[in-house]
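A quick write-up on the structure given underneath.
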Amino acid sequence: MTYDRRQAILDAALESFNDKGVAATTVDDVRRLSGASVGSLYHHFGGKDELAQELYVEILRDYHSGFLAVLRRERDPERGIKGLVRHHLRWVRRNPERARYLLRGRPPESDAMRELNRELFRATAAWLEPHVVAGRVRRLPLDLTYAILAGPAQEFSRHWLEGRMRSPAREAERALADAAWRALADEGDD
């Protein structure tokens, strides 16, 4: 088993950022938690701001990989939309500390963050378009579609991470997935 100093620094940053917040966390906090030297931390990340960005990008990349896998796997729009909501909720349950960091607010945008988000939106738009043309999904601006798709699940996740939700996970998945589909399905009544 090899020791990965970079990962140890990221893990320590996640712990400290979630505990104290990014603004209140110091480089010394991360250094102490990770056992890294100041030189090692700056070698890998260049400073706290870069560390916060890299951590965010790493977590976002993991989240997006599951989201994109749903898009690749699902051909049916109802199953796809519901699958995206389920992916979100399941990912949060499996990765509560990482989700807490993602949902708290992001650090200043980096090129890597912008590119990951562009990739996700391009893939989502490409997946949606044939379903819109076929009259199965409503034609809405992509940002609005994404807000309808992910917004309620993100809000539920924020409350769940803070211990304020009592609804069983399966019930929440089913209800939020069904709601997203109902909101995005083209019922032909426009």
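Only protein atoms count toward the accessible area here, which uses a 1.4 Å probe; on the range 71-121, the carbon and sulfur part of that area reaches 45 percent.
Among the GluC sites (Glu not before Pro) within the range 104-148, those in coil by DSSP and having at most 14 neighbouring Cβ atoms inside 10 Å are E109. Taking every alpha-carbon pair under 8 Å whose residues sit at least 6 apart, the range 16-123 reaches a relative contact order of 31 percent. Each residue, E97 and A125, gets one label point 7 Å from its Cα in the Cβ direction; the gap between the two is 3.7 nm.
Just the accessible area per residue of the chain, please: how many Å² with a 1.4 Å probe?
Per residue, the chain has an accessible area of 55 Å².
Give me the percent relative contact order of the chain, please, defined on Cα pairs under 8 angstrom at least 6 residues apart.
Across the chain, relative contact order equals 24 percent.
Taking a sphere under 15 Å around the Cβ of G105 and counting the other residues whose Cβ falls inside, with K and R at +1 and D and E at -1, yields a net charge of +2. Legend: Rg and Dmax of the chain, from Cα coordinates, 18.8, 63 Å. By the helix-only formula, in which each DSSP H run with n ≥ 4 contributes -39500 (n - 2.57) and the sum is divided by residues, the chain has a 222 nm mean residue ellipticity of -25000 deg cm²/dmol. Can you find, among A13, H87, T124, the residue farthest towards the positive end of the dipole of the chain? Put +1 on the C-beta of Lys and Arg, -1 on that of Asp and Glu. Value: H87. Could you tell me what % of all Cα pairs in the range 1-111 have separations over 17 Å? The answer is 58 percent, as a whole percent. Amide H to amide H distances under 5 Å link V137 with V132, D186, where only residues 5 or more positions off or on other chains count and H is placed in the peptide plane. Calculated translational diffusion coefficient of the range 117-178 (20 °C, 1.002 mPa s; Stokes-Einstein with Kirkwood radius over alpha-carbon pairs) equals 161 µm²/s. Each Lys and Arg adds +1 at its Cβ and each Asp and Glu adds -1 at its Cβ; summed about the Cα centre, the range 19-168 shows a dipole of about 760 debye.
The values are calculated or read from the model by the stated rules, or taken from the named source; none is laboratory data. Given the structure is predicted, the values throughout are model-derived calculations rather than measurements. Positions of Cβ are backbone-derived with ideal geometry, glycine not excepted, and every protein chain shown enters the neighbour counts. Each accessible area value is taken on the protein alone, full model and side chains, heavy atoms only, with ligands, DNA and RNA left out. Shrake-Rupley method; radii C 1.70, N 1.55, O 1.52, S 1.80 Å.
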